[in-house]
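Laboratory data are not the source of any read-out in this text; all were calculated from the coordinates shown. This is a predicted model, so every value here is computed, not measured. Cβ placement follows ideal geometry from the backbone for every residue including glycine, while neighbour counts extend to all protein chains displayed.
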Amino acid sequence: PPAPGSGLLFARLCDCVPLVLSALGLLSFSRSGRLPDHSGRYPPCGEGVATRLTSFTPEHLLGRDHLGRDVLSRLIYGARASRGSGVLIAVFIVVTGFVTGAISGYIGGWVDAVIMRVRELSMTFQTFIPALSLIAILGRGLTNVVSAIVLTHWAWSSRIVGGMVLRLKNCQHV
């Protein structure tokens, strides 16, 4: 006969498989941002005015733009920044939401009330307009864009974590 609880252990391990696969995918996605400055065949800023606005060729799979630059090379080069900033934004949103939610749920009282009101205010508006407003105030740059997106999206994860901490805090076993 199988050992007691072995089925439970297997079920728990199977529950972790999607999490592990997601983490490995995220890790490989973020590792690809550490490639050299350019991983395409042609330089992303190289101009060839004589061959501008050409369509598909075996050398230029997506063609060339109005300045003669290779579109595929520019796409690969631009995707590196998007991937890296997307991972960074997701991590900062989760960390900010976790910290504020844990503080709110654990301390409670007026601290919870203040954080709850700020969360509700943040969740009242669409996130796009306040993010654009913050970018206009803070200025251009990837750091300011990441900060603006994090500041407009943290409330949802904070609300979830705060509710979980509050529920666990009020359990009989704690």
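Under a crude label model (7 Å from the Cα following the beta-carbon direction), how far is L132 from A81 in nanometres?
2.0
Based on alpha-carbon atoms only, what is the radius of gyration of the range 50-153 relative to the globular estimate 2.2 N^0.38 Å?
Its radius of gyration relative to the 2.2 N^0.38 Å reference: 1.62.
For a Förster distance of 25 Å, can you work out the FRET efficiency between the beta-carbons of E47 and V145, rounded to the nearest 0.05?
On the way: r = 28 Å, r/R0 = 1.10.
Once the sixth-power term is evaluated, E becomes 0.35.
With charges set only on the Cβ (+1 for Lys and Arg, -1 for Asp and Glu), what does the dipole of the range 82-174 come to about its Cα centre, in debye to the nearest 20?
100
Please give the FRET efficiency for S22 paired with I160, using the beta carbon to beta carbon distance and R0 = 25 Å, rounded to the nearest 0.05. Please list the in-between numbers first.
Working: r = 18 Å, r/R0 = 0.71.
Calculated transfer efficiency: 0.90.
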